[in-house]
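Working notes, beginning with the structure itself.
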C-alpha cells in the first residue's frame, strides 16, 4: 500500500488501518501532489474510493466549549447537510477516476462534530427526508401512504448513479458501515467486502428503513 501518513488526515489514516486489518490492497492516487483518493482491490475486484472528513466548525466548537463550562449544552445539528456537501465535492472526482466503469465508494468520517453523524443522517442525505401522503375524504383521513423519499435527496435514478455506495467510518478498530445506492450503475456486491468490522445496508422501500444485507 502506498502511504503518506505524515500528511494524511485522521480519516485517511483510519482507512489505511482498516485496509491493513483485512488485507485489502489499498493504493493512494496522487493528483497535483495531493492524495486525491484510493483504489482498493479485494477478492479480484477494484473499487475507486474517496475519503471525506467532517471536522467541527465554529458552531460546533462554540457549543462544545459551552458544554465544558456549563456541564451541558444543546444545539440543532445539520449532519445530513454536511453529508450532502461531501457528496457534491466527491461526485465529479469519483466519476472521472472510475471512468464510469469501476464501482465507487465514498467514505465519510465524522471527526468530532457536536451532533455527530449516524445512519439516519446518511439515509436523509442520500435518499431524502421522510415523506407520507395523507388523503382526506369528507374531512376524514381516507388513506395514508407508506413512508417514502421526500425532498433534498442526492441519489435518484438520474443523479449520482456513478456513486455505488457511501460508507460511514467509526474510530473503533476502525469499523465501517456501507450504505448501498440501489440506483448505482456499477453496484458493489457486499460479498466483496464481507468482514467482521464492515456492515452493509440497503434501503427497504416498504418502510424507508435500512436493512442489513
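Give me the residue from region 187-207 that is under 17 Å from the mean Cα position of the chain (by Cα) and assigned to a loop (DSSP other than H, G, I, E, B) and, out of that set, modelled with the lowest pLDDT. Restricting to residues being under 17 Å from the mean Cα position of the chain (by Cα) and assigned to a loop (DSSP other than H, G, I, E, B), the top hit is 197.
Table: residues versus (1) buried (at least 21 other Cβ atoms within 10 Å of the Cβ); (2) over 28 Å from residue 44 (Cα atoms).
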residue	(1), (2)
95	no, no
102	no, no
108	yes, no
123	yes, yes
127	yes, yes
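Just one of the numbered conditions (1) modelled with pLDDT of 90 or more; (2) surrounded by 12 or more Cβ atoms within 10 Å (Cβ to Cβ) is not true of residue 23: (2).
The values are calculated or read from the model by the stated rules, or taken from the named source; none is laboratory data. What you see is a predicted model, and the numbers here were worked out from it, not measured in a lab. Here the Cβ is made from the backbone with ideal geometry for all residues, glycine too, and neighbour counts use every protein chain on show.
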